[in-house]
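First the structure, in the form of structure tokens, and then the observations on it.
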Amino acid sequence: VVLAAVVGGTMYGVTRPDSGPPPADPAALERVCGPAATIPEVENSVRIGCALTTPVIDGQFDDWASQSSSTVDTEVFPTTTTAEGFSADWAGSWDREALYLHARVTDPSLRPVDESQPSQFFKGDSISFEFGPDPEGLSTDAGLRNGQDLHVMIGLTESGARAAINPAVKGVFTAGDFAPEITAAAARFDGGYEIEARVPWSALGVDTPSRGAVFGANFNVSDAAFTNKWALGRMISSNPERTGANQPHPGTWQRLVLGDEP
């Protein structure tokens, strides 16, 4: 299973096949995914599997064809229940070098980001995710952790996709810049677009992770306003609690669990 939301101990948004490939060789798993570990069952979490074969970030997306995905369609801005005509299928995997993400977005009217304002990519058509250390034990009103929490944005551009990161400084996400260490590619189709990305753990401030590691994260998609391409029209998220007011409070974020399923 590649991107699975777990709420209240139950996994949502993923269809498990009746049968699959044979178990991976333990030595290969340890080399790519780190030592064997008991994968924690974490409430309100997203779990992704370790990738023995990593996707090539080339805008072709064939590497994702066999991967299970999770549908994201809960609108958190402005805050209605369902974002009509706007949804995304997210998938993810990881190895000890990087986090790999893919989103196929249904969006009938595309408006690329303004590349002169990388810190504002979330206002244009883009995918994004908050990321930081495991927020277990944080209160819902705890603030951002300086130098640890990040808002990573991958925007649709005229020629493909580009990534930018806004870091937490003095308890708020401040204007960041392009993140060239993140490799991203995009392609458009009738009624939407796809993005895939390779995000090195070093770009997230993480040393080499292993199976069972837990982080704080939300997975989001932005739709630019119809009347103004440089204003946020609506946002959907894997986390129904990811409102604008809750974004700077990691105690409200979901938790990302690194699994061992290839």
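The values are calculated or read from the model by the stated rules, or taken from the named source; none is laboratory data. In this text the structure is predicted, and so the values were computed from the model without any measurement. Cβ placement follows ideal geometry from the backbone for every residue including glycine, while neighbour counts extend to all protein chains displayed. Surface areas here come from the heavy atoms of the whole protein model, side chains and all, with no ligands, DNA or RNA. Shrake-Rupley method; radii C 1.70, N 1.55, O 1.52, S 1.80 Å.
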Q. Which trypsin sites (Lys or Arg not before Pro) does segment 93-176 hold that lie in a coil by DSSP with at most 14 other beta carbons within 10 Å?
A. Lys170
Q: Can you give me the P(r) profile for segment 70-191? Cα pairs, bins 5 angstrom wide beginning at 0, each as a whole percent.
A: 2, 10, 17, 21, 21, 18, 8, 3, 0
Q: In a Gaussian network model over the chain where Cα atoms closer than 10 Å are linked, find which of Asp190, Asp114, Asp89 has the largest mean-square fluctuation.
A: Asp190
Q. Which distance in nm do the two modelled labels at Asp207 and Trp230 give, with both placed 7 Å along the Cα-to-Cβ direction?
A. 4.3 nm
Q) How big is the charge dipole of the chain about its Cα centre, in debye rounded to the nearest 20, if each Lys and Arg gets +1 on its Cβ and each Asp and Glu gets -1 on its Cβ? A) 420 debye
Q: Note down the nm distance, to one decimal, between modelled labels 7 Å out along Cα→Cβ at Leu52 and at Ala37.
A: 2.0 nm
Q. How much solvent-accessible surface does Glu30 expose, in Å² to the nearest 10, with a 1.4 Å probe and all protein chains in place?
A. 100 Å²
(Q) Quick check on the chain: helices-only [θ] at 222 nm, where DSSP H runs of length 4 and up contribute -39,500 (n - 2.57) each and the sum goes over total residues. Nearest 500, please. (A) -1000 deg cm²/dmol
Q: Whole Å is fine, so just give me how far the alpha carbon centre of segment 167-224 lies from that of segment 146-163.
A: 6 Å
Q: Pairs of Cα atoms under 8 Å, at least six residues apart: use those to get the relative contact order of segment 137-262, whole percent.
A: 23 percent
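Normalised by the number of residues in the chain, what is the relative contact order in percent for Cα pairs under 8 Å and 6+ residues apart?
On the way: 698 pairs, mean separation 67.9, N = 262.
Once divided by the residue count of the chain, the mean separation gives 26 percent.
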